[in-house]
Amino acid sequence: MKRICLLLLVFVFLFTAACGDGGENSPAGTNAPATPTPEPASDTRYVRWTVAEARTYPLVCADAEYGWGKLCLLGEQEGKPVLLYGGTEPQTIALDRSYALVAAGPEAVWLGVETALVCLDDQGNQTLSLTLSEKTEDMTCDGDGNLWAAHKSTLTLVRIDGSTETVSLPQGFTAGTLCRLGSGGIGVFASRTKGDVSPVLRLTAEDRDPRPLDGAEAWPMVAPGEGTADFYYYMEWGKDHPLSGGKQIFRFADGRSTPALDLAGLGREGLIRGICPDGADFIVLYTTEDSAGFLRLKRTEAEKQILTMARLENNHINSDLIDRFNAEHPEYYLVSRLYGDEDELHLDILAGERPDLLSGMCVSTEVYAAKGLLADLYPYLEREPELLADLVPSVLKSLETYGGKLTQLCPDYVLYTCAAPKRYVGDADRWTLADLESICTENPELTLWGPERGMKLLDVMLCAILEHFADLESQELHFDSPEFIAYLDFLLEMDQRAQSFSGSFDYAGGEILFCVENFTSVAGESPSAAVSGYVQALTQLDMDALKFVGFPAEGGTGCRINATSLFSVMAGTGNEEAAWTFLRWTLEESVQETMTTYIPIRKRVLEAQLKQAGEGTPETTVTRYRDPVGAANGTNTETYTVTVPAVPGLSEAELNLFRDLLDRAEGLYQDARTHPCYELIYRECADFFSGKKTSAETAASIQSKMAIYLAERG
Amino acid sequence: MKARNGKGAAPGKLRPVFFLLPSLLGTLCFYLLPFLIILVYSFFDDPIRRNYTGFVNYTALLKNHAFSLALKNTMLFLAGAVGSTLLISLLLALALRRLLARSGLIKAALALPLTVPAATIVILVTILLDRYGALNGLIRVIGLKPENWLDGNWARRSMILLYLWKHSGLFTLLLTAALETIPKDEREAALLDGAGKARIFFSIELHHIAPALLFTALAGLFFGFRFFREIGLLFGRYPAEGLYLVQHFMRNVFSLLDYQKLSAGAVLLFLLAALGMGIPALLIRRFGGDGNLLPQRDAPARRKSRFRAGDLLPALILLICALPTLLTLIHALAGEGELRERYAAIWDRRSLDPESVRLLLWPEKLTLESFRVFFSGGGLLRAYGRSLLYTLPAFAVQLPISLCAAWGFARLKGKLRNVLLLLYMILLLLPWEVTLVPNFLIARWLGLLETPWAVWLPSAFSPLPVYLLSKYFQRLPPELREAAELDGAGEWQIFTRISLPNIRPALGSMAFLGFIDLWNMVELPRTLLRQVSLMPLSVTLANIRADAPLGPVFAASLAYLAPPLGLLLLLRPKNLSDQTFIKSADDDSPGRESQNFP
């Protein structure tokens, strides 16, 4: 019995030790285990929000906070520093100097700039003045009225009586923004100098050992929570977070995918500077260029029609698109349902919880199409012949799945192709694996793609390999053939040539057989250095010496479409029409015109972009925030100017070449995430290129696994 | 028999049902009902369209090459793994029984491999058996040709060896316990008659331990199906052809939303299991066999407990059993840089011409950094807390429910008991993949999804401890109960005052196995809790990416070992009953068994 008691004691000890920091959802000081926070009585989701009260002040805002029923807006009015402070009728308090930061306490307000801190009472009288040893980056008050000031890697705790204490963060962390936590203490959005996840560290005046909050990531835009909800965060994509974008505000304690409320359809312009619950209402602090103000949001009776979109990605372009749709359609509320993997989605589908829409990125759409779970979109498009005629036909054709059904649609896309020197490919506009192999055999100094090695080369070849060595429909596989083994050996040899490549990226005259071109847009600004728009590509490539031949393909053109956003309407949900509303909206010309990052699917919009590309653009200068997040917070508004060089106009022949390439596009670009066969070959070849398997072993392994893969579908 | 049941037999017929009821209801809800749902699904084209198709799914499945391959491989794997482990364990039990009889600590060490989390095993196996792993490094040094131990023909053999390593200690303990029950006078008489050791073994000992062998084989099959965790983690969805098991098939067809194939496959598997289990179960009932994992008592010390030259074999075996734990400790004490650098050839696919790695036997610089990271309150520590949160309450509820149910089974007479017990056993053996969807549906219907209840409830009604404990209760001599009844004791009193104290050794075994089963849960939380922030450490470790820091993973693995290890050490002989409870096949004499009771 004693031993059993001892055992229980050990368990209790371990349990307590392990959960000591896990009680982030529980009141401060308790060590209760992390359990999901129950839904509040008033579910703020899925409802329309209306502005019950709006105040705008002619104020250039430096910082703003709302807490304990009081608004604190810090900024300049007519060139003089002021503080707006108070309830519904805030008083304007003239300040002796400019401050950058404000923190609302229960009975006081703190102002800060550089290393100086002052505390004002309810009447605006200064009660305390302090000078800290380091510059303050952000500050907030906890529920007990203590002020916390964040510096680069430390924090200062200023108690009500004015005494200060330095709190260090764990090694490897730098302090970011601070936020009062609903369950007590503060959250520090610490960024980690190494590692991928930056946690939110929790601190209280009593326990100054920073511990991460479970599951919290560094969401830069935060607001204190109420009750047991620690804090709210709102999704921020891109450079700013305008009100008109219909930003969704998430309760941290709820988890990942369901917003606490959305601001869709408020019809206000401005940047969100903060958000705070106030009873059943929400206060949203916002600024425009020369004013600052707040909105009190109240829920209205009319509920929105909920649409759900299953997503296995968290792509910000899709999120923005959903936000915009919500903003422009107050009658709908499109909610992202994020899934960790397809199994979770399958379970929901089998359990009858079918989403209305499916984001096709990272998903094997064919599985759903084969099961008849996806609606054919042609009947919807055929209702509007003009619209159908205005969509790029080759893209539509590429998106077709079973039996010529259009089960997916992308509002924009990337065009994938390959360019090869004419001295090797002549005037041919397509080539096969055999062509490629024979060119390399005849030219022993030639590399396939410069220094690009095994797996990347395989990426380029994978589609052709699958076409050449497998007939999935008739279930014939030839991966164990000598031809495939020889091909693997050839790839290995090319991998070795790439390893010793020391030449330049002279595609026209160098020792490189091809370069892969991802035309993300016609002329738009590239989202990353790895890809380029068509215009940029043409300025870099010597097209007199090069020819677009596509990826090696057995019979096809080798030009492919890579859909950056891919949506399907789920059949049998009863909400197909509403779901189509979303897809139809993405095809609106006004929406398509904003899609400058990738190539639009509407011909008219594309032609307009091509026309612009033909005209060229003059040199321009652009001013940007050095720290967009800091600028949004008001802590760092430093800007810099970049000069975008002039882009020469394209000739009609060059524009026609683009049109021709687009016409030749066939099939979607697939990768290991969306096609199980690719995943299978990819895995095996990874071992081959890392030397863990011989070509014969790899071939046998692929043949055997592909046979099982096909048999499973039999 | 009727006479022996004596007084109160007629009203007593209902009593076992009351004891069984909670477990039956739980099993019905969380185990049988899911199975019945898939039985229904197996006759429809798919769960979405729901068109009745009769036996089409079955005929299609029987013609499916992938399914036949998976079934064949599963049988071969189970036969190879369970068979070889049984044989080796028997040899070990025979070789070590004297040593084991006097050292509870060594017995506990033999159970150590069971406590190592699947994810840690996978990391260590990769380090050892990868193409560039430590074993091939050693082989290269000797001048032999390295092999792909985790691919091709070697994959299945490697996994059988891994199974052998993980379970042979447990099997050895079970069989040693059985060997301990053989009456010494029989062996001595045989020796006097001039019988050799082999003759004694085949004529006397094997006969006595046959039921325990069958019981161990059943436990082996149960662990064999559970072993898919390691195989799945190591090889992904498409392993080498020889390792493509039924679980792979089921998972993959689930990914294709071909749930009808999965359902039909599950029913066929159920029938096969019923057939496969029915025969051993009948044999067990015939022999009345059993086994006990944990040591029951220290044998009288014949000599001082210290190793001699002859103890080299046990020392070696103990080293093998404890090696992963030792390696986990050593790796947890090494710096992250050292670990990454040393094992770059395995995980860093960019390595151009990697040489085989050398196993880390002692860190260049001892550091507690991994422990500091683990205990500094990161995700691993919180996952550890959740492991305790899910395991302890489930364990606390599982124990009384299982005890009552097992007692109910022991008291239940007739074919109903046999049928129910067989059902429990088969439900126990069904892989989790089989009932994935129905379990999800039921949890959703009950509103348990993403709450700890989703884990607690099905775990509390696990058939495993019921099945194990029922065997022990069945061993109790009826005279005990009859005597108590004559003294006016009620059913509850007999259960709590007479029966429970007499199965305390078995309780220890069950507690350990039950705890391990709960502690290592992966599939249940992964399916029903869904959110990463709710996952226990067993899942968190299994989800660790290859590029994640290894040191904290090893530190977490070491901490993960602590609760089961603590349980194992606390359940050492001294706190258990001195009674040994394994009834031999021909030991039907009530007089002899009744000696065991106060």
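The values are calculated or read from the model by the stated rules, or taken from the named source; none is laboratory data. The shown structure was predicted, so the numbers you read here are calculated from the model rather than taken from an experiment. Here Cβ is always computed from backbone atoms with ideal geometry, including for glycine, and neighbour counts include all displayed protein chains.
Flag: A:A327 does not match the condition of being among the small types (G, A, S) and more than 22 Å from the chain's Cα centre (by Cα).
A:Q475 meets the conditions (1) at positive phi; (2) within 14 Å of another protein chain (Cβ to nearest Cβ); (3) buried (at least 16 other Cβ atoms within 10 Å of the Cβ) in every case but one. The failed one is (3). Can you confirm whether B:I231 is under 24 Å from B:L61 (Cα atoms), part of a helix (DSSP H, G or I), more than 14 Å from chain A (Cβ to nearest Cβ) and at pLDDT 75 or above? Yes: the conditions hold for B:I231. The set of residues in the range A:652-671 being touching a Leu at 6+ places or on another chain (Cβ under 9 Å) and either modelled with pLDDT of 85 or more or within 20 Å of A:K603 (Cβ to Cβ) (or both) consists of A:E654, A:L655, A:L657, A:F658, A:R659, A:L661, A:L662, A:A665, A:L668.
Among the residues here, B:I204 qualifies as more than 14 Å from chain A (Cβ to nearest Cβ), more than 24 Å from the chain's Cα centre (by Cα) and of a type outside the set (S, T, N, Q). Looking at B:L150, B:L124, B:L138, B:L128, just one residue is farther than 15 Å from B:L359 by Cβ and aliphatic (A, V, I, L, M), and that residue is B:L150.
Counting only strands (runs of 3 or more DSSP E) wholly contained in the range A:276-383, no element carries 3 or more residues that are crowded, with 19+ Cβ neighbours inside 10 Å, within 14 Å of chain B (Cβ to nearest Cβ) and aliphatic (A, V, I, L, M). Note on the range B:549-576: among residues that are at pLDDT below 85 and within 9 Å of chain A (Cβ to nearest Cβ), the one that is farthest from the chain's Cα centre (by Cα) is B:P549.
Each residue in the range B:134-145 was checked for being more than 14 Å from every other protein chain (Cβ to nearest Cβ) and outside any helix (DSSP H, G or I), and 2 of them qualify.
Tell me yes or no: at least one residue of the range A:507-522 is in a loop (DSSP other than H, G, I, E, B), within 24 Å of the chain's Cα centre (by Cα) and either closer than 30 Å to A:D471 by Cβ or at pLDDT 85 or above (or both). Scanning the range A:507-522, I find no residue that is in a loop (DSSP other than H, G, I, E, B), within 24 Å of the chain's Cα centre (by Cα) and either closer than 30 Å to A:D471 by Cβ or at pLDDT 85 or above (or both), so the answer is no.
Among the residues of the range A:101-146, those identified as under 33 Å from the mean Cα position of the chain (by Cα) and under 23 Å from A:C61 (Cβ atoms) are A:L101, A:V102, A:A103, A:A104, A:K135, A:T136, A:E137, A:D138, A:M139, A:T140, A:C141. Hey, could you check the range A:680-713 for residues that are within 8 Å of chain B (Cβ to nearest Cβ) and charged (D, E, K, R) and say which is nearest to A:Q670 (Cα to Cα)? So the residue we want is A:R683. The number of residues in the range B:123-169 that are among the basic types (K, R) and in contact with a Phe, Trp or Tyr (Cβ under 9 Å, 6 or more places away or on another chain) comes to 4. Restricting the first member to the range A:425-440 and to residues that are of a type in the set (F, W, Y) and modelled with pLDDT of 85 or more, and the second to residues that are surrounded by fewer than 20 Cβ atoms within 10 Å (Cβ to Cβ) and not in a loop (DSSP other than H, G, I, E, B), no beta-carbon pair is closer than 8 Å while six or more apart or on different chains.
Which members of the range A:570-591 meet the condition of being of a type in the set (D, E) and touching a residue at least 40 places away in the same chain (Cβ under 8 Å)? The answer is A:E576, and nothing else. For the range B:52-72, the tally of residues that are in contact with a Phe, Trp or Tyr (Cβ under 8 Å, 6 or more places away or on another chain) and within 12 Å of chain A (Cβ to nearest Cβ) stands at 5. Taking the criterion of being in contact with a helix residue (DSSP H, G or I) (Cβ under 6 Å, 6 or more places away or on another chain) and buried (at least 19 other Cβ atoms within 10 Å of the Cβ), the residues of the range B:481-497 that qualify are B:R481, B:E491, B:I494, B:F495.
Residues in the range B:393-432 that are of a type in the set (F, W, Y) and farther than 23 Å from B:V267 by Cβ were compared, and the one that is surrounded by the most Cβ atoms within 10 Å (Cβ to Cβ) is B:W407. What residue, of B:R131, B:R156, is within 14 Å of another protein chain (Cβ to nearest Cβ) and touching a Gly at 6+ places or on another chain (Cβ under 7 Å)? The match here is B:R156. Within the group A:E619, A:E554, which residue is more than 30 Å from A:E366 (Cα to Cα) and either surrounded by fewer than 18 Cβ atoms within 10 Å (Cβ to Cβ) or in contact (Cβ under 8 Å) with a residue 40 or more places away in the chain (or both)? Criteria check complete, one pass: A:E619.
Where helices (runs of 4 or more DSSP H) fall entirely within the range B:148-213, those with at least 2 residues that are basic (K, R) and in contact (Cβ under 8 Å) with a residue 24 or more places away in the chain are at B:152-180. Taking the criterion of being among the acidic types (D, E) and crowded, with 19+ Cβ neighbours inside 10 Å, the residues of the range A:61-98 that qualify are A:D63, A:E65. For residues that are small (G, A, S), closer than 30 Å to A:R354 by Cβ and at pLDDT below 90, tally how many sit in the range A:551-571. Result for the range A:551-571: 2.
Across the range B:446-497, the qualifying residues are those that are away from chain A (no Cβ under 14 Å) and of a type in the set (F, W, Y), and the one among them that is farthest from the chain's Cα centre (by Cα) is B:W492. All of (1) touching a Lys or Arg at 6+ places or on another chain (Cβ under 6 Å); (2) over 23 Å from B:F215 (Cα atoms) hold for B:E523 with one exception: (1).
Quick check: anything in the range B:547-565 surrounded by fewer than 23 Cβ atoms within 10 Å (Cβ to Cβ), outside any helix (DSSP H, G or I) and touching a residue at least 12 places away in the same chain (Cβ under 8 Å)? Among the residues of the range B:547-565, at least one is surrounded by fewer than 23 Cβ atoms within 10 Å (Cβ to Cβ), outside any helix (DSSP H, G or I) and touching a residue at least 12 places away in the same chain (Cβ under 8 Å), which makes the answer yes. Has the range A:655-669 got any residue that is touching a strand residue (DSSP E or B) at 6+ places or on another chain (Cβ under 8 Å) and of a type in the set (S, T, Y)? Looking through the range A:655-669, at least one residue is touching a strand residue (DSSP E or B) at 6+ places or on another chain (Cβ under 8 Å) and of a type in the set (S, T, Y). The residues of the range A:147-166 that are over 31 Å from the mean Cα position of the chain (by Cα) and surrounded by fewer than 20 Cβ atoms within 10 Å (Cβ to Cβ), listed by number, are A:L157, A:R159, A:I160, A:D161, A:G162, A:S163, A:T164, A:E165, A:T166. Given the conditions (1) surrounded by fewer than 19 Cβ atoms within 10 Å (Cβ to Cβ); (2) at pLDDT below 80; (3) within 13 Å of chain A (Cβ to nearest Cβ), report the number of the one that B:L312 does not fulfil. Condition (3) is where B:L312 drops out. Residues in the range B:367-394 that are hydrophobic (A, V, I, L, M, F, W, C) and more than 7 Å from every other protein chain (Cβ to nearest Cβ): 8 in all.
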